[in-house]
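Participant: Let me give you the structure first, and then I'll get to my questions.
What follows is calculated from the coordinates using simple rules that are stated; it is not laboratory data. From a predicted model like this one, the values you see are computed outputs, not experimental measurements. Quick reminder, even Gly has a Cβ in these numbers, built from the backbone with ideal geometry, and neighbours come from all protein chains shown.
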Amino acid sequence: MLLLKEFGLSGPELGVTEASRRLGLHKSTVSRLLGTLERGGFVEQVSDTRRYRLGLQLASLAGLAVTQLDLSSAARPYLVNLAEQSEETATLSVLDGDEAVNIDQVAGPHPVKDLGWIGRRLPLHASAGGKPLLASLPAEQLERWLRQPLPAYTERTVVSPEQLRRELQEMLARGYVIVAEEYEPGLTAVGAPVYDYHREIVASITISGPTFRLHPVQLEKAARLVKDTAEQISARLGYTPRQAGEHKDDHPRPRVQARTARHWGTGQQAVQHVGATGIAASPANGETKG
């Protein structure tokens, strides 16, 4: 198992000598282990370099594991922990068409809180759950999206394409985005992107609460918690960060459109068809604020 994991740490190919040095094993032992893995289809030897790379048998097993993984079920424990640590409402959202839709949520303990309800839809450009999903769009689709008129929900809503591009770039660089009163007056939120094993953004995780409580000191803590939680969920989904020297196009493959809410099992009866208008988890089908 340690030998297989070295392929993820060292790069796409691994030689016997390098593996021996990294694992602290004799070269004959490493050679024997690689031979066993090769016969099973888990690694294959590259004829030109005589080095080894992962085999298709692993891809088959990985694909099976991913199809069995439900996003909301995988994220749920982390969402609960995030709400407990931040003492604010934690929400998991995915892309559906041109909007973000909430597929799971855990409320914070305070009497005054933000409850956006499961199934609620949010604009991509004006919400902490939407901006990470906006960054998931392919470049051409993003540019088309930015050329359309963007509604201003409050005086603080960012509608400038140039400013939105800068925000998305900064978010991807630092791992989170802060959205203060852009969609609702008095509401501030912190969001972060969740990646899958393809290294694509498939969801967003957010903390939201009243602006008077999410002051600068609290926002710094919230941003750290949201970023850490997003990284933990991403790792659960098989995401591995790029190694130093590895470029985005080192492993070219067709660009896959970001999955929408209909492609993920939500694990919530409240969202039976999120392609329609928002379906509330509460009887009032509305936002509840204590």
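Participant: Efficiency by 1/(1 + (r/R0)^6): what FRET value for Ser31 and His198, r their Cβ-Cβ distance, R0 = 30 Å, to the nearest 0.05? Please list the in-between numbers first.
Facilitator: Details: r = 32 Å, r/R0 = 1.08.
The formula returns an efficiency of 0.40 here.
Participant: If you don't mind, there's one more thing I want to ask. Which peptide among 86-92, 150-156, 208-214 comes first, and what is the full order, when sorted by highest mean count of other Cβ atoms within 10 Å?
Facilitator: Taking the mean over residues of other Cβ atoms within 10 Å, the ranking is 86-92, 208-214, 150-156.
Participant: Separate question: What ³J(HN,Hα) values, in whole Hz, does the Karplus curve 6.51 cos²θ - 1.76 cosθ + 1.60 give for the range 125-140 when θ = phi - 60°, with x put for Gly and Pro?
Facilitator: Once θ is set to phi - 60°, the couplings for the range 125-140 become 8, 10, 9, 5, x, x, 4, x, 6, 4, 5, 7, 5, x, 3, 5 Hz.
Participant: Once fully extended, how much extra length lies between Arg174 and Gln141, figured as 0.36 nm per residue of separation less the alpha-carbon to alpha-carbon distance?
Facilitator: Numbers: separation 33, 0.36 × 33 = 11.88 nm, distance 2.32 nm.
Length gained between Arg174 and Gln141: 9.6 nm.
Participant: Order 232-240, 126-134 from most to least packed using the mean count of other Cβ atoms within 10 Å.
Facilitator: Working: 232-240: 17.9, 126-134: 28.6.
Highest mean packing first, the order is 126-134, 232-240.
Participant: With r defined as the distance between the Cβ atoms of Glu84 and Ser47 and R0 fixed at 51 Å, what FRET efficiency is calculated, to the nearest 0.05? Write down the numbers at each step before the final one.
Facilitator: Values: r = 54 Å, r/R0 = 1.05.
Given R0 = 51 Å and the Cβ-Cβ separation, E is 0.45.
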